[in-house]
Structures are given as C-alpha cells and as structure tokens.
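Any read-out appearing in this document is the output of simple, stated calculations on the displayed coordinates, not a laboratory observation. Keep in mind that this is a model prediction, so the values were computed, not measured. Glycine gets a Cβ as well: all are built from the backbone with ideal geometry, and neighbour counts include every protein chain shown.
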Amino acid sequence: MNGEHLVRYIDSIHRDKGIDIEVLWVALEDALIAAIKKRYDMDDDFTLSFDRESGNLECDYEIDFEEFGRIFAMTVKQTWFTRIKEAERDVLFNEWEAKVGDIVTGTAQRFEGDSVIVNLGKIEGILPRSERVRGENYHVGDRIRALILEVKKVGLKVKVILSRSSTGLVRRLFELEVPEIDDGIIEIRKLEREPGYRTKIAVTSSDTRVDCVGACVGVRGTRIKSIIDELGGERIDIIRWNDDPQQMLINALQPAEVSHIELDSENHKALVLVEEDQLSLAIGRKGQNVRLASKLCGWDIDIMTRQELEDTFREDGDGSAPEGAGDAEDVDAEAADTEVVAEAGATDANAATEAPQMETGDALPEGPSAARETEERVGDDEQDFEEKVG
C-alpha cells in the first residue's frame, strides 16, 4: 500500500465532499480493524492506525495485505465507503439544518406522487401537497421559491422538506423586503394566514419616528407588492398592534368599520356591532376576515348589526342590551310612548262620545212598563217646556 497515494486520495475526498479529514482517516482505520478481526477471529484489543502525514500503517502485528485477497479488499472498501456516505450525510444535515426557516430557490425536477422534487444544487428538496398552496400548479423546470420547513436524516440521505403554505414564509419575506424588520426597529408581533387567500400581520415600531405600517407597505406600495407577487396575489392586511384588546379588535377587523365592541373577559368573547353596509366586509369572503382577526387577537368574535341584536333580544324576551345599543332602546321607548298617547286619546274620544248618554240620566227601564214610563216622562217634559215658554 502506497502511503503517499493514500494521503492524496483522502485529501481529495475531504475537499470534494467537505468531510473532515480526521473523520476519513478514522473511518478507514475502523474498516480495516473490523475486517481483520473478522478474518482472524481476534479479540477487541487489536488496533492499528495510519500516520496522517506519510500514510504509513502503524500496527503491533505484522500484516501482509497481499495475502488477504480481493474479497477482503472489497469488504474494507464497502465498509469505508458506507462510513464516508454517513459522514457526507452528516455534513449536509448540519449545513441545511442551520438553514431551517430560510427561503431557498430551486427548480422543479420531477414528481413523486403528490410531491414535487425540487433541485437545490447539492441536495434535493421535497414540496409535499400538504405544504403547497391551493391553486398553484408546477411543471418540470419551473422556478420554486419556498421556506425550508424541516431537515431530517433518512438512511444515508438527507431530506429537506419545503413549504409554500407556512406562515414562516410570509414572515421571512417581510424580513427580506423590509430592512427595518431585519434591524429590529419594526417587530412582527403576530401573523395569521390562510394560504392562497388572505394574511393578517400585526406589527409595531420601537421608534416613534418610524411608521410600522407605512414602512411595510413601502413607497407607492413597492415592498408589499413584491411580497404579494411572490405569494401569487394573496391578499395581505398590515395591522398596527395595540395592547388594548378593544382597539386591537378594531384594527384586526379592518378594512371594516366597527360601531361598538362589548367584551366578555371571563369567556374571552367579543360582541362586535357594525352597520349593515359593513357586515359583509367585516365577515369577509367565506368568513376569512373575522376568522383571521379572531386568531390574531385571541378572542372569539361574534359580529352583528344593531337590527340583528334587537331581533335577538326580542326572541329571547330580554329587554336588556349591552352598552352602545342604547339607540335601539330609545327607539323602542319612543314607540311605547306613542302607543300610550294613542291609547289615551282613544279613551278620551270614547268618553266624549259616551258623555251625552250619561247626562240624560239613568238607563231606561226594560219591558212593557218601560214604554209607559217613557211616555209619562216625555209628557212631563213637554208640559214644563210649554209653561216656561208661555
């Protein structure tokens, strides 16, 4: 065995694959020791080593490698190469594990079932269907920009799991496009996303001179536009973070305008009143706006109009209403007063109609004698009238 050739060979593997040179020497020594022990049934005390400079073998026993034959050489080679593959896998794993959370760009190489295999250079990435955005279709050769979600060892290979649907992708895009976020001036407090449809991101600024929302939007919307284009037109709402839950709910439900909010802190629920023309805007398409706002604030949100709230109280038979719904109560009170006045007016009219009858005297008697009494009373009245006139 030529020591100089061995040194050069190991050095070339070290430079090509990035494997530590000591790891390669130790792997070769372990492969030889295992093969020799197996051939001669030796105990565990047997050991050997190579000089790292000259490549010469150092061993307490006299070893003639020529007598071992081809099978012995193939066994050592196979064991050594397996160790090299493992070391190469560990190098790739450490390199790509440090990139978890970063964005990489690759090319769609092929399809394996529902997954897209992406060529990332030294390694292949996997974009599963579960991490793809609904509506996005790819073809071989397409450019794909995705987030490194996970890196794991599988046998002698390293699998890099990519994601296009993760909230981390949007967060990282903002960090790349908005320097103030990378510098720590603007902080992303919370981010919620429904991939392919809508994202809500709450930001705050540690510098009062820096407008957190304006900085994220950019001059004439240049920054936000590049992010939206990368996400395939996904809508993004940038919201100013507020520690006051009521104001935060108002901000989170934008672009809808909120009339009133009633908070139930014990159950962590919020009743939000909006005008009729703001209801669909507050709820959003298929409930996206209110759903994302609820996740962003951590409150269960119930959105209603004043009319719906009044109808609910009528159905429940409860006259009480939360603060802010007083306008509806005033309307009901005025209506009730109107009904009372109307009833009073009707009573007065009936009384006026019945008054002349009451002034005539007692009610007329009934039966045959009633006619005679009536004739006598009328006759007396006529006689009194004639005497007065005469």
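The table below gives the values:
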read-out	value
Violating pairs (Cα-Cα greater than 27 angstrom) within the set Lys159/Lys200; Lys153/Lys190; Lys225/Lys295; Lys152/Lys295; Lys159/Lys295; Lys190/Lys225	Lys159/Lys200; Lys153/Lys190; Lys152/Lys295; Lys159/Lys295
Around Lys17: net Lys/Arg minus Asp/Glu count, Cβ-Cβ under 13 Å	-2
Under the Karplus curve 6.51 cos²θ - 1.76 cosθ + 1.60, θ = phi - 60°, whole-Hz ³J(HN,Hα) for segment 16-31, x wherever Gly or Pro sits	6, 9, x, 7, 4, 5, 5, 4, 5, 5, 5, 5, 5, 4, 5, 5
Rounded if a/c under 1.5, otherwise prolate or oblate - segment 3-97, Cα gyration tensor axes	prolate
Ordering of 195-202, 135-142 by burial proxy (mean other Cβ atoms within 10 Å per residue, highest first)	195-202, 135-142
For segment 152-208, with +1 on Lys and Arg beta carbons and -1 on Asp and Glu, the positive-most of Val154, Ser206, Ile188 along the dipole	Val154
Top positive-direction residue, dipole computed over segment 3-97 with Cβ charges, set Phe46, Trp25, Tyr9	Tyr9
Ordering of 145-152, 232-239, 162-169 by burial proxy (mean other Cβ atoms within 10 Å per residue, highest first)	162-169, 145-152, 232-239
GluC sites (Glu not before Pro) within segment 26-86, DSSP loop, no more than 13 other Cβ atoms inside 10 Å	Glu53, Glu62
3J(HN,Hα) from dihedral phi, segment 283-290, Karplus parametrisation 6.51/-1.76/1.60, rounded to Hz, x for glycine, proline	6, x, 5, 6, x, 5, 5, 6
Leading residue at positive end of dipole, segment 1-140 (Cβ point charges), from Thr105, Ala35, Val133	Val133
Cα gyration tensor shape for segment 84-135, rounded if a/c is under 1.5, else prolate or oblate	prolate
Gyration tensor verdict on segment 242-310 (Cα atoms; rounded if a/c is under 1.5, prolate if a/b is larger than b/c, oblate otherwise)	oblate
Charge dipole (debye, nearest 20) of segment 177-319; +1 at Cβ of Lys and Arg, -1 at Cβ of Asp and Glu	680 debye
